[in-house]
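Only the coordinates and a few stated rules stand behind these numbers; no lab work does. Keep in mind the model is a prediction, meaning the values are calculated, not measured. With ideal geometry, Cβ positions are generated from the backbone for all residues, glycine too; neighbour counts draw on all protein chains shown.
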Amino acid sequence: MTEIRIFSAGAAKGYVEALAARFETETSHTALRTYGPVGAIVERLRGGETADIVILSEKALLSLAASGATAAGIAPIGYVDTCVAVRAGDPPPPLGTVEDVRAAFAGADAIHLPDPAVATSGAHVMDMLRALGLAEQIADRLRIAANGIVAMTEMGASTAARPIGCTQASEIALVGSVGIAAPLPPPYALTTLYAAALTPNAANSAPAAHFMALLAGAETAPLRARMGFQAA
């Protein structure tokens, strides 16, 4: 039995977990999975940690490939929207315009986000709040979590009257106590392409290549769609 090591952005966790179960059943190999925000995974790789497969945003993988931390070729998985989320049962606010977004965030008494220091969506939302002139006004209402799944789990359990959250659609979809209100509208819309890459020092290249084929293959496209990934 061979073990492959996977480093993955949290946005792909649900999809990777589903495929790992299939991979382990089909091959008798094991997949050791480590999840985290994109920035945190990048820092771990730059710090010398190793993996067989890396699943991150296309931008992060291209940067890692330029430094030799991952192989040059990438396998696109799909696009994921950054979305506003509400607690299950709460009415979604209007979000079609910039003014709608400003009103929704200004009116929330708790705003749940993944850590802007390391998470793609968290950093984007903080930039948006600054652009809307809300950053100082809502600073004491921010509820920052280690990643998007934790942020959504905490929002789902919130006792606040009007909580709101924002992270990747694929993370919102994993938490049953919250739901997607809508993607952020232009000019604040953010759609991120997630992809996978092997690493030059992959210890188990053959089983890793098998897992890569599952990640990006046509057969698993319906599962990707259910997990919040749009076709690349």
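A few points about this structure:
- Relative to one another, the C-alpha centroids of the range 67-83 and the range 178-232 are positioned 8 Å apart.
- For the chain, the 222 nm mean residue ellipticity estimated from helices alone, with every DSSP H stretch of n ≥ 4 adding -39500 (n - 2.57) and the total spread over all residues, rounds to -10500 deg cm²/dmol.
- The ranking of THR199, THR159, THR120 from fewest to most other beta carbons within 10 Å of each one's beta carbon is THR159, THR199, THR120.
- Mean separation of Cα contacts under 8 Å (6+ apart) over length of the chain, as relative contact order %: 32
- Sequentially through the range 78-94, phi angles give Karplus couplings (6.51, -1.76, 1.60; θ = phi - 60°) of x, 8, 10, 7, 7, 10, 7, 10, 10, 5, 3, x, 7, x, x, x, x Hz, Gly and Pro residues having no value and appearing as x.
- Annotation note: GluC sites (Glu not before Pro) in the range 128-232 located in DSSP loop regions with a Cβ neighbour count of at most 14 within 10 Å are GLU136, GLU219.
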